[in-house]
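What follows draws every value from the coordinates through simple rules; no lab data is involved. Keep in mind the model is a prediction, meaning the values are calculated, not measured. So basically every Cβ, Gly included, is an ideal-geometry build from the backbone, and we count neighbours across all protein chains shown.
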């Protein structure tokens, strides 16, 4: 995120602005929710530089207000502000292709998102809330562990390896371009773009990555795909997809298909 956001009163002030239909400050909003203003542009579905140069842009403002409405709902349910923001970014909504609220709100699925959050966090009471908190802690731990274990390229290194012109793009927008190719994946970590190195051969992404992404990408974030590759998999007799992607690619592709079979109706 842009800076350490410890003044949660400022978040409450943002929520009030959103409720009242006032203009929301993109920089302050980003300090709580994303890595930088360029990432905010991407999530809101507006062109690069909009948050910085056109802060009153209608589509940008609508996205931020929807987001604040969802964060406000999580706090009304009883979550502390930091946890509300965490679940806004990370809660997978199974009925909506396991996408997170942050991913869904550019298309204005606010009502469906809030209904699902209430059904999970509110209806089931404090016991489930404690379970979700343990999951949140596990997620943070898994992210730390993955970064420690797996070597990463940034977007510039990945583009250079693939022979793709960088043409003066920012790191985040370059990463988004590479991700849209459907041949590789990445996730964000403290304003850094992380492309796991194991997905690349000497001249670019391994062909198996594209095949796996055809199954996983519609339903899993880049972070979830990275974790899937590195985690023990029951369809692979406890081995990880990362271990077997070169020697047994067919098995890994089948495991990816099985992972989303119920969601996709396969």
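Relative contact order, whole percent, for the stretch 8-125 stands at 22, derived from Cα pairs under 8 Å and 6 or more residues apart. According to the Kirkwood relation over distinct C-alpha pairs, the hydrodynamic radius of the stretch 139-244 is 14.1 Å. Normalised by 2.2 N^0.38 Å, where N counts its residues, the alpha-carbon radius of gyration of the stretch 8-125 equals 0.99.
When only Cα pairs below 8 angstrom with a gap of at least 6 residues are kept, the stretch 152-264 shows a relative contact order of 22 percent.
If each residue of separation counts as 0.36 nm, what is the full-extension length gain between residue 25 and residue 243 once their alpha-carbon separation is subtracted?
So the extension gain works out to 73.9 nm.
Length available on full extension from residue 149 to residue 192: 0.36 nm per residue minus the Cα-Cα distance, which gives 13.8 nm. Cα centroid distance between the stretch 107-122 and the stretch 180-252, in Å? Answer, in whole Å: 29.
Annotation: for a label point projected 7 angstrom from Cα along Cα→Cβ of residue 210, residues of the stretch 232-252 with backbone N closer than 17 Å are 246, 249-250.
Just need the relative contact order of the chain here, percent rounded to a whole number, with Cα pairs under 8 Å and 6+ apart.
About 12 percent, as a whole number.
Counting each DSSP H run of 4 or more residues in the chain as -39500 (n - 2.57), what helix-only mean residue ellipticity at 222 nm follows after dividing by all residues, to the nearest 500 deg cm²/dmol? That calculation yields -17000 deg cm²/dmol at 222 nm. Along its three principal directions, the equivalent ellipsoid of the chain from the Cα gyration tensor extends over semi-axes of 32, 24, 16 Å, largest first. In this simple spin-label approximation, residue 12 and residue 181 carry label points 7 Å from Cα along the Cα→Cβ vector, and these lie 4.8 nm apart.
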